[in-house]
1. Please specify each residue of the range 662-720 satisfying the condition of being within 17 Å of S639 (Cα to Cα) and β-branched (V, I, T).
2. Just the residues that are closer than 21 Å to H12 by Cα and touching a strand residue (DSSP E or B) at 6+ places or on another chain (Cβ under 8 Å), please, taken from the range 166-192.
3. Which is part of a helix (DSSP H, G or I), surrounded by fewer than 18 Cβ atoms within 10 Å (Cβ to Cβ) and among the hydrophobic types (A, V, I, L, M, F, W, C), of A712, A705?
4. Within the range 333-349, identify whether any single residue is of a type in the set (A, V, I, L, M), within 14 Å of the chain's Cα centre (by Cα) and not in a loop (DSSP other than H, G, I, E, B), and answer yes or no.
5. Output yes when any residue across the range 311-319 is without any contact (Cβ under 8 Å) to a residue 40 or more places away in the chain, over 30 Å from V252 (Cα atoms) and among the polar types (S, T, N, Q), and no when none is.
6. What are the residue pairs meeting all of these: first residue in the range 613-626, first residue within 16 Å of P666 (Cβ to Cβ) and open to solvent by less than 70 Å² (accessible area, probe 1.4 Å), second residue in a loop (DSSP other than H, G, I, E, B) and aromatic (F, W, Y), Cβ atoms under 9 Å, and 6 or more apart or on different chains?
7. Test of understanding: among V265, V230, which residue is within 26 Å of I81 (Cβ to Cβ), more than 28 Å from the chain's Cα centre (by Cα), hydrophobic (A, V, I, L, M, F, W, C) and open to solvent by 20 Å² or more (accessible area, probe 1.4 Å)?
Amino acid sequence: MSAPLRLVLAIHDHQPVGNFDGVFDAACRDSYAPFLEVLADYPEIPVALHHSGSLLEWLAAHRPEYLDRVRGLVERGQIEILGGAFYEPILAAIPARDRVGQIAAFSRYLERLFGTPVRGMWVPERVWEPGFTHDIARAGIEYTVLDDFHFRCAGLRDDELTGYYLTEDEGSLLKIFPGSERLRYTIPFADPQQTVDYLREIADRRPNAVIAFGDDGEKFGTWPGTKKHVYEDGWLRRFFDALRDNREWLKVVTPAEAVDHVSPVGKIYLPESSYREMTEWALPTPRQVELRDLIRRHEHDHGWSDLRQFVRGGFWRNFRVKYPECNEMYARMLEISRRLESLDQKRADDAPLDAARIELYRAQCNCAYWHGAFGGLYLPHLRNAVYRHLIAADTLLEQAAERPPQWVEIEAADFDLDARQEIRLAGSRLIAWLDPAQGGHLYELDVRNTKHNLLATLDRRPEPYHDTIREAVKHRHGDGDGHVASIHDAVRFKQPDLDRHLVYDRWRRKSLVDHFFRPDATLADVQAGHGELGDFAAGVYTSVLRRSDERVEARMTRHGHVGPYRIRVTKTVGLSADAASRLDIAYELEDLPPDVPLVFAVEFNFAGMAAGASDRYYYDEHGRQLGQLETALELEDASRIGLVDEWLGMDVSLESSRPAAIWAHPVQTVSQSEGGFELVHQSAAVIPRWELRGGDEGRWSVQLALAIDTSAAQARSLREVGAEAALP
């Protein structure tokens, strides 16, 4: 055949910033390394290979022999290295300056690492917006791969998706391959001959066609069941054999070879989109359920295949609406990026700024900013990693600003992009954010020494797959009708009784959440979100700031209701330069009804201190351990409770000037991951409460101290530095 079909195979390997070493190691052992071993036996089959920067840094430190093998395959012309944004951010989630910066920096890194120019890039999660064209071209990239779904959303049909297209923005040009969704589902899950037959149909209809496959390398060994299927059962070798056996009409090429030898089909302007599944996950949960049900009702209807391309899901940026926790990370990241840009314009060749930029880029890694088929946002270690790098960047920027050893400051601004002002208290050891418009909550608390946000919490909320869990349990108990079985055959539970944990929060899981509970409310009631009588937990507070060189305070006040009574609550949060690891909190209640029993409580949540380990535990005012951090506690007349995470080297204590009854309980979410449905510990809720009566004056007050001791972490850090210095 004089004009063969050209097949582009683009493999994307990625592990997120903050993932566990064991996950990196398993993916390398089960996917990345064996794929290269098989590929090396087929020198006539080239691939385009993309590794994220976070994965490459791990490989360089732990598996340099793997990189040597990649380098060897690059040198013999079998691998084309694809670039991208260094730490795999969603391009829509970072400023244009960081898009260009990450892409250009990664191309330089790859060229040094593998000794080859970088012409193409991988777009993280194929999240696309038209304005990216200009930024990508500015960074020196010629072409990329998106999904054919993007092209269908622009109005193209299947027979128009057999090549690559030009797109343009502000005069900048970019070549884009439509990655085949059909191939994403047949490779590696269908018999190789099925893929070959599909390609042969295209070749017979469209001479000189170009078809692109682009997908995750983890599906070749890391996804459940694929290691046996792809390697032990020989799927990958049979696939490569099939490609080689049909080389008289089927030519496997790199993207560079395709653009150098085949002209673009034409020009197109693609709408914002991602792969089809991602657009569905971005929808609000009720709309996602409606779309799922709509498709199930009509997918077998005559003409559905023609109609389907006009049925779209949502817009990726709305993950920041669906999950406020995503918005909190995003807004914090933007603040760091703006401060870095401002300092960068004033200072050049500054080591702290260069280091802060790398920390910022790492914090932009996409996986914790959304949720779909895999854990993503629901995984605490990924959120913790984002904050770890943001806090590190913040501290480096303060270093660049040449702060004195002890300092404090307070400011009000719209930090979370809701058109309301939040309050930031900062010092040499802590950074605290308060939201007067949302219950006066303490919604972020950063500990500089351990680079840890104690309020990287997650609310319990409905997800579409929760219905799947309920239906699966219902069917197993024999209560459902028969048609459910085929839908739920593949449902996997990593823990039993997950349906009993499907509880949803009625207020944000933050700290300084103010409650007036029913006098007869129990811990079980509160865990389920019941028993609230007041409107303070999410009500609007007014605020006044006070500042001096030695101390800053935010005073927040609300006139609200507890049942039929109107009550005034004022809380003051203070931070002193000479007590930089402690927040001082004072509550004043006024206009209390005389002789009416009330239960006032203040909820704190502590995140990132893992449960289920003997070195993470509660203790009381006498230093006695009370149980691990997933324990439910009911204490009486306690003036102090503490939480220890020996692995983090952190001791968090809460002291009260008035003895309190204290409830504590774990906050756990039910989410889905590649391994099945699972229960994940998100935070430990600690709720001191007081039974009170107004008396003649209708007043009541209490002082709290929230102190964070990181001396164990500091001592460990000093030991590690000393050990490194002692090495020959």
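1. The answer is I662, V686, I687, V702, I708.
2. To start, the set of residues in the range 166-192 that are closer than 21 Å to H12 by Cα comprises 174-190, 192.
Selection gives L174, K175, I176, F177, P178, G179, S180, E181, L183, R184, I187.
3. Going through A712, A705 in turn, just one is part of a helix (DSSP H, G or I), surrounded by fewer than 18 Cβ atoms within 10 Å (Cβ to Cβ) and among the hydrophobic types (A, V, I, L, M, F, W, C): A712.
4. Yes.
5. Yes, because at least one residue in the range 311-319 is without any contact (Cβ under 8 Å) to a residue 40 or more places away in the chain, over 30 Å from V252 (Cα atoms) and among the polar types (S, T, N, Q).
6. Filtered contacts from the range 613-626: A613/W647; R616/W647.
7. Working: V230 fails: open to solvent by 20 Å² or more (accessible area, probe 1.4 Å).
Only one candidate passes the filter, namely V265.
Residue by residue, here is whether (1) touching an Asp or Glu at 6+ places or on another chain (Cβ under 6 Å); (2) at pLDDT 95 or above; (3) not in a strand (DSSP E or B) holds:
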| position | (1), (2), (3) |
| --- | --- |
| V17 | no, yes, yes |
| Y32 | yes, yes, yes |
| P43 | no, yes, yes |
| L49 | no, yes, no |
| S54 | no, yes, yes |
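The values are calculated or read from the model by the stated rules, or taken from the named source; none is laboratory data. Predicted, not measured: the structure shown is a model, and the values here were computed from it. No Cβ is skipped: glycine too gets one built from the backbone with ideal geometry, and neighbour counts run over all protein chains shown. Side chains are part of the model used for accessible areas, which takes the heavy atoms of the whole protein and leaves out ligands, DNA and RNA. Shrake-Rupley method; radii C 1.70, N 1.55, O 1.52, S 1.80 Å.
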